[in-house]
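Following: one structure in structure tokens, then a few remarks.
We did not get these values from a lab; they are worked out from the coordinates using the rules stated. These figures come from a predicted structure and were not determined experimentally. Cβ placement follows ideal geometry from the backbone for every residue including glycine, while neighbour counts extend to all protein chains displayed.
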Amino acid sequence: MKGWTIFAHSVGLAARNWKEALKIFLVPVALCVGLFVVVGGSIGLTSGEPTGSMALLFLMFPLMFIVIFWSVVSWHRFVLLEEYPTGWLPTFRFDRILSYLGHALLLGLVAFVLMIPVVALMALFASMGAEVLAVIVAVPAYIALVIVMYRLVPILPAAAIGKPLKLMESFNATKGAAGAIIVLLLVVFGVNLGVQLVVMALTALFAPLGILFSLAASLFLSIVNISVLTTFYGHYIEGRPLD
């Protein structure tokens, strides 16, 4: 059950290092919220009636990605390089952030290319009136795609710590990880579903409590998900134990 062990290890990373997590994530998250409120308000997004220049919208999203990757890169470096935050602003490493963004775009491109034959095959079956067959093909194809992409994901933490990893190097290093990936994804899905059920129950009892729990749980699970990538890299690429 290596998938469960990876998840449990990632939860432990986030829980044990909650002070460092606050220093790394709090300010960037606040900046993202502030950026959305200011820019979104100026073009009417927050009111639901766009009134301003949409150029600001195209400027906002790249800035938000940079700010988000700022904290993500810092967390990877904290866990893998023991680069502790010295204040409430994590070190801004623009070269690593750009590298992370570039590698993320590369993964997106790979996923897009891999999906083309699957979508084409599904469209062919659908045009023939074989919708059931299209679904039968789509489900295992999607699972296979997720497994392949997860085996390539270590290139992201590698970019964050300045040790670039090629796609095939990542793919070869994670040979035999398919079972762990499937278990890991099922665990993550189950935990997220459980959290949503708790949020719904708390919101029904007392709405403000449900909102507060939802925000806290979302932030914690986001850090756990980032830690999963870090743990995956540390175990399969660097050979670190999962104890």
Which log10 I(q)/I(0) values does the chain give at q = 0.08, 0.11 Å⁻¹ under the Debye formula, counting every alpha carbon as one identical point scatterer? -0.38, -0.73
Just to verify a number: FRET efficiency for residue 63 and residue 22, C-beta to C-beta distance, R0 = 22 Å, to 0.05? 0.50
What distance in nm separates the two pseudo spin-label positions at residue 94 and residue 222, each 7 Å out from Cα along the beta-carbon direction? 2.4 nm
Pick from 110, 39, 187: which residue has the top mean-square fluctuation in a GNM of the chain where Cα pairs under 10 Å get a spring? 39
Which value in nm describes the separation of the simple spin-label points at residue 4 and residue 35, placed 7 Å from the Cα toward the beta carbon? 4.0 nm
Kindly point out which whole DSSP H helices in the chain project their C-alpha atoms 20 angstrom or further along the helix axis while averaging a Kyte-Doolittle hydropathy of 0.5 or above. 18-42, 55-81, 94-127, 131-152, 178-205, 207-236
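So what is the relative contact order for the chain, in percent, with contacts set as C-alpha pairs under 8 Å and at least six apart?
Computed value for the chain: 29 percent relative contact order.
Would you calculate a helix-derived [θ] at 222 nm for the chain, using -39,500 (n - 2.57) for each DSSP H run of n ≥ 4 and dividing by the full residue count, to the nearest 500?
For the chain, the value works out to -28000 deg cm²/dmol.
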Residue separation between residue 193 and residue 207 times 0.36 nm, minus their alpha-carbon distance, gives in nm 3.2 nm
Straight-line reach from residue 19: which aspartates and glutamates fall under 16 Å, measuring Cα to Cα and dropping same-chain residues less than 8 apart? 82, 83
Peptide ranges 90-100, 71-81, 204-214 listed from the most packed, as the mean C-beta count within 10 angstrom indicates: 71-81, 90-100, 204-214
Need the full-extension length gain, residue 116 to residue 130, defined as separation in residues times 0.36 nm minus the C-alpha distance. One decimal, nm. 3.2 nm
Can you divide the C-alpha Rg of the stretch 1-41 by 2.2 N^0.38 Å and report the result to two decimal places? 1.70
Between residue 105 and residue 148, what is the spin-label point distance in nm, taking each point 7 Å from the Cα along the Cα→C-beta axis? 2.2 nm
